[in-house]
Structures are given as C-alpha cells and as structure tokens.
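Comments concern the structure below.
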C-alpha cells in the first residue's frame, strides 16, 4: 500500500513458459522461416486393416505384413512440433505404443512459435507426462 491508499503494482512481469528456442538456421532455410520437426503419432486400434473388397457389400481380405502379422487400423493424432532431437526422443518415450512419423518442415517464425509454444504441444514434450 502507498501513503494515499492505492495498491502497488508489480515492477516485473513473469514470462510465460516457452519451448521455442532462437537457433541459427541452416543456409537452406528460407528467409523469415524456421526449420522445425513435425511429429505425427498414430495409435493402433483393435480393428484389422482390410484390402478393398472385390464386390460391393463384402469385406476385403485382412492385410498382413511381410512376416504374416495382421495389420491394424490406426488413428492419427494432431501434429506436434519441436526443434531439438532430444525433444523428439522425450516424445517417443512418452508415447511408447504409438507409431511415429517425423518430418522436417519450414514455417514462418511467428507460426512456428505459435505451434511450438501451445500448451497442448508443450505438455506432450514434458518428461514423464503423456
């Protein structure tokens, strides 16, 4: 409180948590863009994957891999984004049962920060969380 009865305000602001890092970009990255890794996780279901049926109204043959194991349908999650290889490894540890696909992409810097620092994305890369 001040002498005139008004409350004092804080002198500093608390920074929001961030996962984005300012990293020097390689020469093959377009100006104003940032190179990041996009990860898509696929969760297997209990439903077997099938070939297209020969006749309408029938079920196709169940697909198998080279070793004869049954392939199951997968449901893809929304993409996740990171910059560091270590972050991708943490994501893999947090999602051991998911099949992962990774892509190296370029996004505008502002868009990359928005995707990387979103709460949903940051939670996925927290150690020990799912």
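The values are calculated or read from the model by the stated rules, or taken from the named source; none is laboratory data. Computed from a predicted model, the values in this text were never measured in an experiment. Heads up, the Cβs are rebuilt from the backbone with ideal geometry, glycines too, and the neighbour counts pull from every protein chain shown.
Remarks
- Filtering the stretch 46-64 for residues that are surrounded by 12 or more Cβ atoms within 10 Å (Cβ to Cβ), closer than 27 Å to residue 24 by Cα and free of Cβ contacts under 8 Å to residues at least 12 places away in the same chain leaves an empty set.
- Inter-residue pairs, beta-carbon under 6 Å, first free of Cβ contacts under 8 Å to residues at least 60 places away in the same chain and in the stretch 74-103, second surrounded by fewer than 11 Cβ atoms within 10 Å (Cβ to Cβ) and part of a loop (DSSP other than H, G, I, E, B), 6+ apart: 90/127; 94/130
- Filter result (exposed (fewer than 12 other Cβ atoms within 10 Å of the Cβ) and out of contact with any helix residue (DSSP H, G or I) (no Cβ under 7 Å at 6 or more places or on another chain)) within the stretch 102-128: 103, 104, 110, 119, 120, 128
- Single unsatisfied condition, residue 18 versus (1) under 19 Å from residue 86 (Cβ atoms); (2) touching a residue at least 24 places away in the same chain (Cβ under 8 Å); (3) surrounded by 12 or more Cβ atoms within 10 Å (Cβ to Cβ): (3)
- Pairs with Cβ under 7 Å, 6+ apart, first in the stretch 119-130 and at pLDDT below 85, second surrounded by 12 or more Cβ atoms within 10 Å (Cβ to Cβ): 127/90; 129/94; 129/123; 130/94
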